[in-house]
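Undergrad: Please read through the structure below; I'll follow up with questions.
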Amino acid sequence: MTSPILITGAAGFIGFHTALGLLQAGKHVVGVDNLNDYYDVSLKKARLRELDNFEHFTFVKENIANYEGMEKLWSTHGPFKQVVQLAAQAGVRYSLKNPHSYVQSNLVGHLNVLELCRYTEGFEHLVYASSSSVYGKNTKLPYAVEDRVDQPVSLYAATKRGGELMSHSYSHLYDLPQTGLRFFTVYGPWGRPDMSPYIFTKAIIEGKKVPIFNEGDMKRDFTYIDDIISGVLAVLETPPTKENEDDIPYRVLNIGNNRSENLMDYVAAIEKAVGKKAEIELLPMQAGDVKETYADIDETTHLTGYKPTTSIDEGIPKYVTWFKDYYGA
Ligand SMILES: NC(=O)c1ccc[n+]([C@@H]2O[C@H](COP(=O)([O-])OP(=O)(O)OC[C@H]3O[C@@H](n4cnc5c(N)ncnc54)[C@H](O)[C@@H]3O)[C@@H](O)[C@H]2O)c1
């Protein structure tokens, strides 16, 4: 039996798919999630039911911001030498409404995971989720990891950048091997109901208005979940190493599609997959949002062989098929 890999946020969209990918590869996975009600808890439970089909999957309901609970998890089911830290309070817009939940999950929770990794003998690799939102007011495209990331436009982005900085200090102080992944708008089956694929698909199917912000003048580097998972798994098996004594086993990588799509083309792909025209409602830009995202993934490809292959014309129909099947639409 291989030693267990811990996935935090295992009932979440990316955590579920990461767990599934590892289990299908024959790994032993322990998943933790507090199953909070930021969005429909029944979707999180349905994802867990899929994972429960695997013998080598164990789920523990815990809040990563609760250090005692996480210590107990580590001593009961660990120690974990590989950790994929995906538990977080996600969503840009909600950070205007409930800022404290971001600090608890994304900063206190992240520190707890760092502390537990720090004290694990022979620790191999912590891969944690950051976000393209850290690029904030940066306007240079495509976004490269060397670009400025000190001008966040939402508290969500600020906590994600804060997590990266905390991680850097732990790699520097304790030689903790870590990779931060800046995800770019991930979509696909089992996706989050607070994100645009769900909101647009549901509205088009129900013949309701589709809210389009910044009057449609937006671009996103939409990345299909299967591409993301192949990247996460490749990264996990490729921990950063020290080139010399002064080096730090730490890196941050972009994980996107390297194609920035017009929002209206993306809506058209959903219309085509649903087989119905959208009733568009053009709205102004929302606070905290950015106009365009576009990932430079050269380094990720160079280091791990990551190569996304799914265009929206291929990925959106797969999402819509899942949506209709899951929601019985
Ligand atoms: N989906 C995207 O497009 C995207 C883009 C950029 C970054 N990210 C990051 O990727 C990670 C995963 O995102 P996702 O889309 O799967 O989101 P998600 O909300 O579906 O998954 C996060 C999971 O973490 C759990 N969680 C939250 N706080 C917790 C806590 N304190 N303790 C235990 N569990 C907790 C939630 O219940 C949820 O199941 C997050 O860190 C997110 O910030 C996602």
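No value in this document is a laboratory result; all are computed from the given coordinates. None of the values given here were measured: they were computed from a predicted structure. A quick note on method: Cβ atoms are made from the backbone with ideal geometry, for glycine too, and the neighbour counts reach across all protein chains shown.
Undergrad: How much mean residue ellipticity at 222 nm does the chain get from its helices, if each DSSP H run of length 4 or more adds -39500 (n - 2.57) and you divide by all residues, to the nearest 500 deg cm²/dmol?
TA: Value at 222 nm, helices only: -11500 deg cm²/dmol.
Undergrad: Return the sequence-ordered ³J(HN,Hα) values of segment 147-155 in whole Hz as given by the Karplus equation 6.51 cos²θ - 1.76 cosθ + 1.60 applied to θ = phi - 60°, using x for Gly and Pro.
TA: Per-residue couplings from phi come out as 5, 4, 9, 10, 10, x, 10, 8, 5 Hz.
Undergrad: Follow-up. Give me a comma-separated list of calculated 3J(HN,Hα) values for segment 19-32, in order, Karplus coefficients 6.51, -1.76, 1.60 applied at θ = phi - 60°, integers in Hz, x for any Gly or Pro.
TA: For segment 19-32, the Karplus-derived couplings read 4, 4, x, 5, 5, 5, 8, x, 7, 9, 10, 10, x, 10 Hz, x marking Gly and Pro.
Undergrad: Sort 82-89, 149-156 for me by packing, meaning the mean count of neighbouring Cβ atoms within 10 Å per residue, highest on top.
TA: Going by the mean number of other Cβ atoms within 10 Å, highest first, we get 82-89, 149-156.
Undergrad: Relative to the longest principal axis of the C-alpha atoms of the chain, give the angle of the C-alpha long axis of helix 41-51, reported between 0 and 90° and rounded to the nearest 10°.
TA: Its long axis makes an angle of about 60 degrees.
Undergrad: In addition: If neighbour count is taken as other Cβ atoms inside 10 Å, put Asp33, Asp40 in order from fewest to most.
TA: Asp40, Asp33
Undergrad: Expressed as an acute angle from 0 to 90° and rounded to the nearest 10, what is the orientation of the C-alpha long axis of helix 67-77 relative to the principal long axis of the chain?
TA: The helix 67-77 is inclined about 70 degrees to the chain.
Undergrad: Still on this structure, I have one more. Local charge sum around Ala144 (other residues, Cβ-Cβ under 9 Å, Lys/Arg +1, Asp/Glu -1)?
TA: That sum, taken over residues with Cβ under 9 Å, equals -4.
Undergrad: Please list, in order along segment 241-253, the HN-Hα scalar couplings obtained from phi with the Karplus expression 6.51 cos²θ - 1.76 cosθ + 1.60 (θ = phi - 60°), rounded to whole Hz, x for Gly and Pro.
TA: Taking θ as phi minus 60°, the curve returns 10, 8, 6, 8, 4, 7, 6, 10, x, 9, 7, 10, 10 Hz for segment 241-253.
Undergrad: Please report the relative contact order for segment 1-155, taking Cα pairs under 8 Å with a sequence separation of at least 6, and give it as a percent rounded to a whole number.
TA: Value for segment 1-155: 23 percent.
Undergrad: Hey, can you rank 49-60, 94-105 by average C-beta count inside 10 Å, highest first?
TA: 94-105, 49-60
Undergrad: By counting other Cβ atoms within 10 Å of each Cβ, how are Leu116, Leu23 ranked from fewest to most?
TA: In increasing order of surrounding Cβ atoms, one gets Leu23, Leu116.
Undergrad: In which sequence would Trp190, Trp322 go, from the one with the fewest C-beta neighbours within 10 Å to the one with the most?
TA: The order, fewest Cβ neighbours first, is Trp322, Trp190.
Undergrad: Let me ask something additional. In whole Å, what three semi-axes, largest first, describe the equivalent ellipsoid of the chain built from its Cα gyration tensor (square root of 5 times each eigenvalue)?
TA: Its equivalent ellipsoid spans semi-axes of 31, 23, 18 Å.
Undergrad: Check Ser130: other-chain or 5+ apart residues with amide H under 5 Å from its amide H, H built from backbone geometry?
TA: Close amide H contacts, sequence-distant or interchain: Leu181, Arg182, Phe183.
Undergrad: A further question follows. On C-alpha positions alone, give me the angle between the axis of helix 263-274 and the longest principal axis of the chain, in degrees, nearest 10.
TA: Roughly 80 degrees, rounded to the nearest 10.
Undergrad: So who's got an amide H within less than 5 Å of the one on Val210, skipping anything under 5 residues away but keeping other chains? H placed 1.01 Å off N, in plane.
TA: Result for Val210 returns Glu279, Ile280, Glu281.
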